[in-house]
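Report on one structure; see the data block that follows.
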Amino acid sequence: MKLTTILSAATLSVTFGSSGFAADSSDPIVIPVHNWSSQIVMSNVVGLIFEEMGNNVEYVTTDSQAVYESVRLGDVSLEMEVWEGAFGASYRAALGKGGLHDAGDHDAVTREDWWYPLWTKEACPGLPDWQALNDCAHLFATAETGEKGRYLDGPVDWLKHGKERAEALGLNFTVINAGSAAALWAEIGAAEADKRPVLVFNWTPNFAEAVWPGEFVNFPAWEDGCDTDPSKGPNPDALYDCGNPTSGYLKKAAWDGMQEKWPNAYCALTKISFTNPQIAEMAKLVDTDEMEPEEAAEEWLAANHAVVEPWISACQS
Ligand code: TMO
């Protein structure tokens, strides 16, 4: 090769290498997946984006609380859905120990809490105020719960502290953990035909809002420290006597080593930001349209490539 050719090749890569000479490691970026549809689909969409940028990726199914320790230690590389209500405490604990950091917020605004389909309010018109719940508890009673109302909370690893909430606020409800997200949708579906009042854990953005109009119960407003300081919230002796944040964040978290090991993928991660409708659509493709999450991710990405293209092109070396 002539010297001039070598020089101009070097010049070209300086000119066009938007992130310098650093190339991403060929080691797989390890992406954790959990037990609700939008997170699984979104994680697969992001995996496809990284593959399009020339990276290798690997998916691991992990507990949605323990994952923050795994990100901190670099066993997994990132987390795509840090919901403030469910995971804020575990995320903050891992942040405090060091090893992971905030990789930016999604555009989405989130809420996770006790929820009912609208027909429930016809039977219990004092809703959505939480103080209406005890007068209506009998409407939610089942053979299993006797005199008390039934509240179907999320799977245990979402740590919703429903039992503590019911106790702290003196609610005449038995709190039962669903075995899976699907069990929540089955509970609503089974109540729909005869418009039976039903109370379940739900969240937004989700597919459910397009299927069943409904409302969250309004609990005493969230105060920082409600989960660590009994003096927060209306019951001076109890934790968890507040609702979840009503306009919660949805963050991305990254292992501190990610930027150096996969600079281009990391750059894209910091730019990725999904909206409420985009996340609801990811869930719908699985929960309503019954696609496999991998297939749903391909479908979503094919329909929305223009959304992600700027994140890729801004970060490719
Ligand atoms: C963590 N989740 C979105 C299921 O509430």
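If you check Ser37, Ser77, Ser90, Ser26, which single one turns out to be more than 12 Å from the ligand (Cβ to nearest atom) and either surrounded by fewer than 21 Cβ atoms within 10 Å (Cβ to Cβ) or closer than 28 Å to Phe201 by Cα (or both)? Even if it seems obvious, please write down each step before you answer.
Working: Ser37 fails: more than 12 Å from the ligand (Cβ to nearest atom); Ser77 fails: either surrounded by fewer than 21 Cβ atoms within 10 Å (Cβ to Cβ) or closer than 28 Å to Phe201 by Cα (or both); Ser90 fails: more than 12 Å from the ligand (Cβ to nearest atom).
Just one listed residue meets the conditions, Ser26.
Limited to the stretch 229-259, what total is found for residues that are within 28 Å of Val33 (Cα to Cα) and free of Cβ contacts under 8 Å to residues at least 40 places away in the same chain? Spell out the reasoning first.
Filtering the stretch 229-259 for residues within 28 Å of Val33 (Cα to Cα) gives 240, 243-259.
Next, from what is left, pick out any that are free of Cβ contacts under 8 Å to residues at least 40 places away in the same chain: 259.
Of the residues in the stretch 229-259, 1 are within 28 Å of Val33 (Cα to Cα) and free of Cβ contacts under 8 Å to residues at least 40 places away in the same chain.
Select, from Asp229, Asp135, the only residue that is in a loop (DSSP other than H, G, I, E, B), more than 16 Å from the ligand (Cβ to nearest atom), over 21 Å from the mean Cα position of the chain (by Cα) and outside the structural domain of Lys284 (by TED's automatic domain parsing). Give the derivation first.
Working: Asp135 fails: in a loop (DSSP other than H, G, I, E, B).
Going through Asp229, Asp135 in turn, just one is in a loop (DSSP other than H, G, I, E, B), more than 16 Å from the ligand (Cβ to nearest atom), over 21 Å from the mean Cα position of the chain (by Cα) and outside the structural domain of Lys284 (by TED's automatic domain parsing): Asp229.
For the stretch 95-106, name all the residues that are surrounded by fewer than 23 Cβ atoms within 10 Å (Cβ to Cβ) and more than 13 Å from the chain's Cα centre (by Cα). So that I can check it myself, show each step before the final result.
Quick first cut of the stretch 95-106, residues surrounded by fewer than 23 Cβ atoms within 10 Å (Cβ to Cβ) only: 95-99, 101-106.
The answer is Leu95, Gly96, Lys97, Gly98, Gly99, His101, Asp102, Ala103, Gly104.
Select the helices (runs of 4 or more DSSP H) contained entirely in the stretch 276-317, then report the ones holding at least 2 residues which are touching a Phe, Trp or Tyr at 6+ places or on another chain (Cβ under 9 Å) and within 26 Å of Glu112 (Cα to Cα).
On the way: elements: 276-287, 293-303, 305-313.
It comes to 276-287.
Looking at the stretch 26-36, is at least one residue touching a Gly at 6+ places or on another chain (Cβ under 7 Å), under 22 Å from Val286 (Cα atoms) and either part of a helix (DSSP H, G or I) or not assigned by TED's automatic domain parsing to the domain that holds Pro155 (or both)?
Taking the stretch 26-36 as the starting set, the residues that turn out to be touching a Gly at 6+ places or on another chain (Cβ under 7 Å) are 31.
In the following step, the residues that additionally are under 22 Å from Val286 (Cα atoms) were identified as 31.
Keeping just the survivors that are either part of a helix (DSSP H, G or I) or not assigned by TED's automatic domain parsing to the domain that holds Pro155 (or both) gives 31.
Yes.
Condition first: within 13 Å of the ligand (Cβ to nearest atom), among the charged types (D, E, K, R) and under 20 Å from Gly248 (Cα atoms). Can you find one or more residues in the stretch 103-111 that meet it?
So far as the stretch 103-111 goes, yes, one or more of its residues are within 13 Å of the ligand (Cβ to nearest atom), among the charged types (D, E, K, R) and under 20 Å from Gly248 (Cα atoms).
Need pairs with beta-carbon distance below 8 Å; first residue without any contact (Cβ under 8 Å) to a residue 40 or more places away in the chain and within the stretch 179-197, second within 16 Å of the ligand (Cβ to nearest atom) and outside any loop (DSSP other than H, G, I, E, B); sequence gap 6+ or separate chains.
Cβ pairs passing all conditions: Ala183/Leu152; Leu184/Leu152; Leu184/Val200; Leu184/Phe201; Leu184/Asn202; Glu187/Leu152; Glu187/Val200.
The values are calculated or read from the model by the stated rules, or taken from the named source; none is laboratory data. This is a predicted model, so every value here is computed, not measured. In this analysis, Cβ positions are derived from the backbone assuming ideal geometry, glycine residues included, and neighbour counts consider all displayed protein chains.
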